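Read through the structure below, which is laid out as structure tokens, and then see the notes.
Laboratory data are not the source of any read-out in this text; all were calculated from the coordinates shown. Here the structure is a predicted model, which is why all the values come from computation and not from measurement. As a convention, Cβ positions derive from the backbone with ideal geometry for all residues, glycine included, and neighbour counts pool all protein chains shown.
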Amino acid sequence: MSDVDEDTVVSDVDGEEDTLKVGGEDEKVQVCNLTQETISEGLSLLCRTGNGLRHAFVKLDLKDKGLNDIAAISSFVHLRFLDMSNNHLTDLSPLASLIHLLWLKVDNNAIACFKGNPFTQLSYLQWLSVAVNRLTDLDGLVGPSLESLNLKGNGIKTVKSLQQGCFGNLATLELRGNHLETTHGINLPNLQRLYLAQNVIKRLEGLERLEHLTTLHLRDNQLESLDGLSPNMKCLKYLNVRGNAILDENGLRGLGLVSKTLRALVISNNPLVETTDSRISVLLLVPQLERIDKDPVSAEERTEAQERMKELQEEEIPEP
């Protein structure tokens, strides 16, 4: 039988407890450093190491442990799956040595920046979730192998660092509940699903780079028009702009640029919906739509839109 790798036996790290002020107030939460006992309790999934000669535990669950220091984790170099959600972490730099990580979840912590740029060493990381933290930008975050990135519920104001060179394989990007005012900076031609709901987006910019995007979710923003959609978005099938500020039919003109591929549109809770027959207005621009909001497009609606289009064309023909 192969030997168990030494990093499956946790190192001797003395536990230390401390207190952490919450929101600058007197309320205190008990926090602690990572101990050998805590690591031992969370290890699972015994697998062969890369050379096939030894075994090591490759999965570690550290959820809800009150942790504010994870220095002890750096010696567990064979870890592939790590969950550290619901702690008090501010520093992820000890992760830099975990070069075999494939899956990492650090939701509901207090991470405001990526100290020490640990992700530059995690070249195999495919799935990352840093939801509900304190990030305002993405400086220091890279992921050449990342396929899914969840940054929901932070305070991110800019995404200028989301470039193809650093995230060439990214297919799903979750940025709901941040402070973005524009889509500018998302230069990811291979991206397929983009979730931007619950921001303060006023302008659609830079979308011409998203040539493989199939899903674009923009619910609950501040868009007054869909200008910025691009004919380069040749794969877009689903668009959600519910709960924005689109006032009239002029705000829908951008739909014509994606009319060949778009099949589902969610447009409810916009001022436009209250003042016009928005479904027919939409069909005039995107005749191939199969669903508007929750309801499929009916044959009667399609016929009405075709007749309305014919009328508009006749009105444009000048009299002899």
Reachable lysines from residue 310, Cα under 28 Å, same-chain residues fewer than 8 places away excluded? 234, 237, 260, 294
Straight-line reach from residue 63: which lysines have a Cα under 29 Å away, not including same-chain ones fewer than 8 places off? 21, 28, 105, 115, 152, 157
Quick check: residue separation of residue 37 and residue 61 times 0.36 nm, minus the Cα distance between them. What number comes out in nm? 7.4 nm
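By how many nm would the segment from residue 250 to residue 103 lengthen if fully extended, with 0.36 nm per residue of separation less the alpha-carbon distance? Before the final figure, lay out each step's value.
On the way: separation 147, 0.36 × 147 = 52.92 nm, distance 4.45 nm.
Between residue 250 and residue 103, full extension yields an extra 48.5 nm.
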Hey, in the GNM for the chain with a 10 angstrom Cα cutoff, which one of 216, 128, 45 fluctuates hardest? 45
Which of 160, 237, 310 moves most in a GNM of the chain, Cα contacts under 10 Å? 310
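Using Cβ contacts closer than 10 Å as the measure, can you line up 124, 195 from fewest to most?
Arranged by neighbour count, lowest to highest, 124, 195 become 124, 195.
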Expected 222 nm ellipticity per residue - DSSP helices of 4 or more, -39500 (n - 2.57), all of the chain, to 500: -3500 deg cm²/dmol
With the contact rule set at Cα under 8 Å and sequence spacing of 6 or more, what percent relative contact order holds for region 185-310? 18
Within the under-13-Å Cβ sphere about residue 258, not counting residue 258, Lys/Arg +1 and Asp/Glu -1 give a net charge of +2
Amide N of region 151-195 lying under 15 Å from the label point, which is placed 7 angstrom from the Cα of residue 208 along Cα→Cβ: 184-189
Using 19 Å as the cut-off for backbone N distance, which residues of region 69-110 belong to the label zone defined by a point 7 Å from the Cα of residue 46 along Cα→Cβ? 76-81
For region 206-240 and region 189-204, write down the distance between their C-alpha centroids in whole Å. 7
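Between residue 120 and residue 263, take the C-beta separation as r, use R0 = 30 Å, and let me know the FRET efficiency to the nearest 0.05. Don't skip to the answer; put the middle values down first.
Values: r = 40 Å, r/R0 = 1.32.
The value I calculate is 0.15.
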How high is the relative contact order of region 45-155, given as a whole-number percent (alpha carbon pairs under 8 Å, six or more residues apart)? 19
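With the Cα gyration tensor of region 218-320 in hand, give its eigenvalues times 5 under a square root as the equivalent ellipsoid semi-axes, listed largest first in whole angstrom. Each step should come with its number before you reach the end.
Numbers: eigenvalues 99, 46, 44 Å².
Gyration-tensor ellipsoid for region 218-320: 22, 15, 15 Å.
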Vicinal HN-Hα couplings computed from phi for region 122-131 (Karplus, 6.51 cos²θ - 1.76 cosθ + 1.60; Hz; Gly/Pro x): 9, 6, 9, 5, 10, 9, 9, 10, 10, 6
For a quick check, take a GNM of the chain with Cα springs below 10 Å and name the residue from 134, 302, 242 with the largest mean-square fluctuation. 302
Residue separation between residue 81 and residue 110 times 0.36 nm, minus their alpha-carbon distance, gives in nm 8.4 nm
In percent, what relative contact order does the chain have, based on Cα pairs under 8 Å that are 6 or more apart in sequence? 7
Reduced Cα scattering model of region 219-279, Debye log10 I(q)/I(0), q = 0.16, 0.22, 0.28 Å⁻¹: -0.46, -0.86, -1.28
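Given the chain, what whole percent of its Cα pairs are spread farther than 26 Å? Can you show the working numbers first?
Working: 28568 of 51040 pairs.
So the portion of pairs separated by more than 26 Å is 56 percent.
Hey, what does the equivalent ellipsoid look like for region 68-139, semi-axes from the Cα gyration tensor as sqrt of 5 times each eigenvalue, largest first, whole Å?
Numbers: eigenvalues 62, 33, 28 Å².
Largest first, region 68-139 gives 18, 13, 12 Å.
Roughly how many debye, to the nearest 20, is the charge dipole of region 161-231 about its Cα centre, given +1 on each Lys and Arg Cβ, -1 on each Asp and Glu Cβ, and no other charges? Show your work: numbers first, answer last.
Working: 6 positive and 8 negative charges, 34 e Å.
The dipole magnitude comes to about 160 debye.
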The chain: angle of helix 299-316 to the longest principal axis, Cα-based, in degrees nearest 10: 60
Region 250-283 versus region 130-162: alpha-carbon centroid distance in Å: 31
